[in-house]
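Shown next, in structure tokens, is the structure this report addresses.
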Amino acid sequence: MKRRDQAIKKEVGVHSTLTSENPQLRFARITRAKLLLLAVVMSGLWYLAAPSLMTLEEQLLWEKVRAAQTHLSQWQREEGNAATQESDPWSCGLIGVEWSSITTTLGDLASKRTACNPAWAVQFKRWFDELGLQPGDPVAIYSSASFPGLLLNSIAAAESMELDLQLLVSLGASTWGANQPYRPWPVLAAELRRSGFIHKRADYYTLGGGAELGHGMAPEGEALLRVAAHEAGVELLAADDLKGMIARKTQLMEAYQPRLLVSIGGSHANLGDDPDVLKLSTGRVPATDIDLAGNGLIAAAMRDNIPVIHMLNIRSLSSMAGIPYDNEPRKRAPARVSKWWSGIGVALFLVAMFSHRRWRLEPGAE
């Protein structure tokens, strides 16, 4: 009897133990399943949000722009006009000086270096693809010489797609742009064409500065730019005032009928003198922003239903496009992650955290 009672007690004890462990096992299984599901979903979101790799065409474009920069840097050194190691540590060859007779306004050195990153050429090409542009489509690039890096990137991207370009450049530049007195944009562009890195010669130049008529520029600087335009064989636009220059550039653009306007920098006639334009979105401008387009060339393009890419405020643009700010150029694609994917990921994590059941100590338990 004693042995039988012991066997019964042992069996009852084992059964009791198993029964008490069931909720724990069930809890563990459910928790593991939830965590596994969360990991799978988060992995899917990561895959969808991860930056795409560069295509072969994009890699070749990146390499071409970087080679152009390396060539310019070497050429500048040979000519005794290279930027210092401190201002141009990555040998972009497109960094100017702090001040000169053709300087118009203050500029940010870090932004000028960032504008040289060949990833911008890839980003321009992707914008062109998103707009459905095809070889032969007309595209207008109206740029300031303040961002020669963006100028080279945009031209290289357009030529890689065999787009038909109308190119207009205002020659005065802010600090650290194409503002070396004897190496203004026309001279840099001539060397790039001579070396085969770009092919497009500018259709028109303006002096830049106030009203793009050279206002506020030193007389000797204005004279240098007039000589540079003449030697390049490019017409230098003239007008009576800012309103006249806006009308002149608008007339040229509308006669060309581009499928896209790329506005680079803060050329006075591109922006106009309405302060609201400073609130305008950068990058691809939404059509709904027309009320913020000001009264310059950009506003005229938007009224004509011409899409606009507005390249100003490089720090903000870098964050939007996923291009590192003031970092050494590396061969990688723009890595923008949509805020929507980020928001979904955070929301899922919060749901999992607050819905997760936890052990709790029952009253009287020890």
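Throughout, read-outs are computed from the coordinates displayed, never taken from laboratory work. Quantities reported herein were computed from a predicted structural model and do not represent experimental measurements. We place every Cβ from the backbone using ideal geometry, glycine too, and count neighbours over all the protein chains shown.
Below are the figures for this structure:
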item: Rounded, prolate or oblate (a/c below 1.5 giving rounded, otherwise prolate when a/b exceeds b/c) for region 238-315 by Cα gyration tensor; result: oblate
item: Likely footprinting exposure, Tyr204, Tyr182, fewest C-beta neighbours within 10 Å first; result: Tyr182, Tyr204
item: Highest-first arrangement of 33-39, 163-169, 283-289, 143-149, where packing means the average Cβ count within 10 Å; result: 143-149, 163-169, 283-289, 33-39
item: Cut-off 13 Å, label 7 Å out along Cα→Cβ of Glu57, residues of region 119-139 by amide N; result: 122-137
item: Per-residue ³J(HN,Hα) for region 218-232, Karplus 6.51 cos²θ - 1.76 cosθ + 1.60, θ = phi - 60°, Hz, x for Gly and Pro; result: 4, x, 5, x, 4, 4, 4, 5, 5, 5, 4, 5, 5, 5, 7
item: Computed lengthening from Ile344 to Asp326, 0.36 nm per intervening residue step minus Cα-Cα distance; result: 3.5 nm
item: Ranked Lys112, Lys279, criterion: other C-beta atoms within 10 Å, fewest first; result: Lys279, Lys112
item: Ordering of 84-90, 292-298, 245-251 by packing [mean C-beta count within 10 Å, highest first]; result: 292-298, 245-251, 84-90
item: Cβ-derived FRET efficiency at R0 35 Å, Asp108 paired with Leu236, nearest 0.05; result: 0.80
item: Contour minus Cα-Cα distance for Ala218 and Asp273 (0.36 nm per residue); result: 17.6 nm
item: Modelled FRET efficiency - R0 25 Å, Thr84 with Arg193, Cβ distances, 0.05 increments; result: 0.40
item: Burial ordering of Ser170, Ser160, fewest other beta-carbon atoms within 10 Å first; result: Ser160, Ser170
item: Between region 136-169 and region 281-318, the Cα center-to-center distance that results, in Å; result: 16
item: Linear extension gain, Gln134 paired with Val40, 0.36 nm per residue minus alpha-carbon span; result: 29.9 nm
item: Charge dipole magnitude, Cβ of K and R +1, D and E -1 - region 56-321, Cα centre, debye nearest 20; result: 320
